[in-house]
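**Q** Sharing a structure below in structure tokens format, with a few things to ask.
The values are calculated or read from the model by the stated rules, or taken from the named source; none is laboratory data. Everything numeric in this text was worked out from a predicted model, so none of it was measured. All Cβ positions, glycine included, derive from the backbone under ideal geometry; neighbour counts span all protein chains shown. Only protein heavy atoms, including side chains, enter the accessible area calculation; ligands, DNA and RNA are left aside. Shrake-Rupley method; radii C 1.70, N 1.55, O 1.52, S 1.80 Å.
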Amino acid sequence: MASSELRTLDTRQQCREKLPIWFGSRSNHYHGLLEVMMNANDEMSTHPREDRPCSMYITLAPNKKMVSVRDFGRGIKLFDKHDGKEIREILFETLFAGTNFDNAESGKETTGTNGCGLTVLNNTSKTFRVESVSEDDYTFSMIKYVDGQAVEKECYKLTDKYPKDQWYVLCNHVGTTFTFELDESMYTQVEFNPQTIREMCNHLAGSSPDLIIFFMEATGEESDEWQTFAYSGIPSYFEQNCASSMSDQYEFEERTESEEIDGTTENNRMKLVWSIGTDPFQETFLNCTYLREGGTIYEGVVEGFRRVLDKYADKKVKITAADIELGLNFCCAVYTNNVEFANQTKFSTKKTSYKKHVAKYVSDNLEAFRLENAKVFDAVVKHFVEINNFNKKAADDIKQLKSKIQKKSKGGLSPKIEGLLDCNMRDSKLEDRMLIIDEGKSANHTLISSRDPLIMGCIGLRGRFINSFKTSAVNVFKNEEAMAIMAALGCGIELPEKERKRLKDVVSFDESNLRYSKVLLAADMDSFGRAIDLSLLCFFYKFYPTLCKQGRIYLVNSPRYIVFDKKENEYCAYNDAEKDAIVKKLGKDFGSVGIIKGLGELSKERFWNYVLSPEAREKTMVQVDWDVYKDDIENILEITMGERIDERKEFIMKNVVEAKKASL
């Protein structure tokens, strides 16, 4: 190694160049907001004020890029000094600087421990502004950063502005407000989806019994309103958010387990609420942080239930973790003075002591529950025995599924898949190949005869495609057309998170085995065809999110009209506007207009000329830009493919009206 190759990163470079280390990835632009929210909650919960409740105000600006978080903690004297540095330098310009490094000794239960989040957020934001009023002497201080550099400062005593006898006015100012707008060069997306922020507020309020969160999606209109998130505790949160219970909800009394670890006492305070169901609602929290990827707390809950239920089930039945995961709703919160997450993103925890203590807490309480509620307990055991029988039957389906998905000839040559007509795999290149999924037998017949067999493979659907949004993976895998698509792609699948453990034997996604670089959805341009497109998009979003994000999924626009002049020359129009423009251009030479009702009505020549030829593909292949909708896609699919019927009607009517306006 040459000495000239050595390089040291300063703090700003560490934050910006190594952003994925701190926030998980450049696409996780919500993490900075989460850091501010959690820090505010830590401050208010560990230092509660008697003069007002623990509350937080979050405002999203009309541009959806700037967000502010206001807390009512003790406030910060930004320009006071500690060890020769101003407090604002320590908090916003220094990594690994904070007040929670000795939590194990002091007993504080906080989320933040490393003291990095605010510095990273400052250095990856376009603007970063902090205003604060201190509790002890009402000092107002403000610092504004632009591109990581302090450009504006202000500091004065509020008592110079308000008389001391107006103490209620002064008290209302105490606290801190963070306002920031992310740097577009640092993140793949800098706009915030209001619904995602609402979910963040809901999770934090649910695990923080004393916290009230107010959120406003500002539009600049007088109708702007604050939305409130507040719960009396985990039981209240569970009751209002779990919609799949098949029984009453039950709660175990809060309990603290203590353990000596490396010379310090670790106290783990635990609370659990549960019910039975078949569409599980399962959430775990660690010091008020929602663990969206689960971890050892989740595993502890599952193990605690499995241990007891297996003990009292029929000896011929062995209750498994997969049975518990499929049939149990629960919400479990752990509060500890020795918090440990899997990494800086705080999506999960891998600390084994959490699993041990939670499993014991659950099993002890479930044993007591059995004695006090014998009939209910017997019904719970019966519920999981039935799930165990279901899982045993499903296991055979999963074995068949595994072989089907992995079914691929050596060297990527054509496997025998019903409904698939492959392209020339031997002589074509991956980047040129496209799999065309079309609607109906007539369209498929025309497609087969008009395609370029070197690079175009095709699968013909038999009417509507399965709605996979609310259907279990196993049921989707029983659908022959879905299996044909999976086998044709050859790269395995990306299972939804909640089904990964139960289907752990199913081959995982491996992009190196991909057989087609593009997928073209070629349904008719009518409402029925668009419904098929939506079902297919939902299928790819659920099982192939990587291909979606890479822009490999395309919608195909087919012609709607053929315009003839008086000499019978024909002109293709893909919509009403193009048709009208052609008719206007022909003028006196205009002859007639033919309507194309579906792809099956196209001749071989027209199918090639107007849909599949290289020239036509520049117009007909519409790449689905998932980045534009990635924050809204779950909500859109929930409305269009889920069970929210009233919202679906409203969505359809709104978009039909807009479409009509656009066509006029």
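**Q** Note down all Cβ pairs under 9 Å where the first residue falls in the stretch 185-197 and is farther than 12 Å from Leu33 by Cα, the second is open to solvent by less than 20 Å² (accessible area, probe 1.4 Å) and charged (D, E, K, R), and they're at least six residues apart or on different chains.
**A** Going by the 9 Å Cβ cut-off, there are no qualifying pairs.
**Q** Any idea which residue in the stretch 241-275 is most open to solvent (accessible area, probe 1.4 Å), counting only those that are over 20 Å from Gly300 (Cα atoms) and among the β-branched types (Val, Ile, Thr)?
**A** This residue is Thr265.
**Q** Considering only the stretch 107-120, I want to know if a residue exists there that is open to solvent by 20 Å² or more (accessible area, probe 1.4 Å), at pLDDT 85 or above and either over 21 Å from Lys65 (Cα atoms) or assigned to a strand (DSSP E or B) (or both).
**A** no
**Q** Which of (1) of a type in the set (Val, Ile, Thr); (2) open to solvent by 30 Å² or more (accessible area, probe 1.4 Å); (3) under 25 Å from Met38 (Cβ atoms) is the odd one out, the single condition Val301 does not satisfy?
**A** For Val301, the failing item is (2).
**Q** Separate question: Would you mention how many residues in the stretch 216-275 are more than 25 Å from Cys54 (Cβ to Cβ), without any contact (Cβ under 8 Å) to a residue 24 or more places away in the chain and part of a loop (DSSP other than H, G, I, E, B)?
**A** 5
**Q** Output the residue which, of all residues in the stretch 499-514 that are part of a loop (DSSP other than H, G, I, E, B) and at pLDDT 85 or above, is least open to solvent (accessible area, probe 1.4 Å).
**A** Result: Leu514.
**Q** Can you work out which of the residues in the stretch 595-649 that are hydrophobic (A, V, I, L, M, F, W, C), open to solvent by less than 60 Å² (accessible area, probe 1.4 Å) and farther than 13 Å from Ser558 by Cβ is modelled with the highest pLDDT?
**A** Val624
**Q** Continuing with this model, one more query. Please determine whether any residue of the stretch 14-37 is open to solvent by 40 Å² or more (accessible area, probe 1.4 Å) and over 26 Å from the mean Cα position of the chain (by Cα).
**A** Yes, because at least one residue in the stretch 14-37 is open to solvent by 40 Å² or more (accessible area, probe 1.4 Å) and over 26 Å from the mean Cα position of the chain (by Cα).
**Q** Continuing with this model, one more query. Can you name the residue in the stretch 478-498 that is in contact with a Leu (Cβ under 9 Å, 6 or more places away or on another chain) and more than 18 Å from Asn513 (Cβ to Cβ) and is also most open to solvent (accessible area, probe 1.4 Å) among such residues?
**A** The qualifying residue most open to solvent (accessible area, probe 1.4 Å) is Lys478.
**Q** Glu372 - would you say it is in contact (Cβ under 8 Å) with a residue 40 or more places away in the chain and either open to solvent by 60 Å² or more (accessible area, probe 1.4 Å) or in contact with a Ser or Thr (Cβ under 7 Å, 6 or more places away or on another chain) (or both)?
**A** Against the criterion (in contact (Cβ under 8 Å) with a residue 40 or more places away in the chain and either open to solvent by 60 Å² or more (accessible area, probe 1.4 Å) or in contact with a Ser or Thr (Cβ under 7 Å, 6 or more places away or on another chain) (or both)), Glu372 does not qualify.
**Q** Cβ-Cβ distance below 8 Å, separation of 6 or more or different chains: which pairs start in the stretch 146-163 with a residue that is closer than 18 Å to Thr179 by Cβ and end on one that is open to solvent by 80 Å² or more (accessible area, probe 1.4 Å) and modelled with pLDDT of 95 or more?
**A** Cβ pairs passing all conditions: Val146/Lys126; Asp147/Lys126.
**Q** Another question, if that's okay. With the structure loaded, tell me whether Val362 is assigned to a helix (DSSP H, G or I), touching a helix residue (DSSP H, G or I) at 6+ places or on another chain (Cβ under 6 Å), on the phi < 0 side of the Ramachandran plot and crowded, with 17+ Cβ neighbours inside 10 Å or whether it fails that test.
**A** Considered against the rule, which asks whether it is assigned to a helix (DSSP H, G or I), touching a helix residue (DSSP H, G or I) at 6+ places or on another chain (Cβ under 6 Å), on the phi < 0 side of the Ramachandran plot and crowded, with 17+ Cβ neighbours inside 10 Å, Val362 comes out as yes.
**Q** For the stretch 430-446, which positions are aliphatic (A, V, I, L, M) and modelled with pLDDT under 85?
**A** Applying the first criterion (aliphatic (A, V, I, L, M)) to the stretch 430-446 yields 430, 434-437, 443.
Ala443, the sole residue that qualifies.
**Q** Next question, about the same structure. Could you check the stretch 1-81 for helices (runs of 4 or more DSSP H) lying wholly inside it with 2 or more residues that are within 30 Å of Glu221 (Cβ to Cβ)?
**A** 31-46
**Q** Right, here's the next one. When both residues are 6+ apart or on different chains and their Cβ atoms are under 7 Å apart, which pairs have a first residue that lies in the stretch 5-16 and is closer than 19 Å to Leu91 by Cα, and a second that is open to solvent by less than 60 Å² (accessible area, probe 1.4 Å) and not in a helix (DSSP H, G or I)?
**A** The qualifying pairs are Thr11/Thr94; Thr11/Leu95; Arg12/Gly148; Gln14/Leu95; Cys15/Thr124; Arg16/Thr124; Arg16/Met186.
**Q** Then there's this: Just to be sure I understand the filter: pairs with C-beta atoms under 7 Å, separated by 6 or more residues or on different chains, first member in the stretch 18-35 and farther than 16 Å from Glu199 by Cβ, second member in a helix (DSSP H, G or I) and open to solvent by 10 Å² or more (accessible area, probe 1.4 Å). Which pairs pass?
**A** Arg26/Pro20; Glu35/Leu118
**Q** Another question, if that's okay. Can you tell me how many residues in the stretch 173-215 are in a strand (DSSP E or B) and either aliphatic (A, V, I, L, M) or farther than 28 Å from Gly148 by Cα (or both)? Spell out how you get there, then give the answer.
**A** So in the stretch 173-215, the residues in a strand (DSSP E or B) come out as 175-182, 211-215.
Subset that is either aliphatic (A, V, I, L, M) or farther than 28 Å from Gly148 by Cα (or both): 182, 211-214.
Of the residues in the stretch 173-215, 5 are in a strand (DSSP E or B) and either aliphatic (A, V, I, L, M) or farther than 28 Å from Gly148 by Cα (or both).
**Q** With the condition kept exactly as written, say whether any residue in the stretch 391-399 is part of a helix (DSSP H, G or I), over 30 Å from Val317 (Cα atoms) and either at pLDDT 75 or above or open to solvent by less than 70 Å² (accessible area, probe 1.4 Å) (or both).
**A** The answer is no; no qualifying residue exists.
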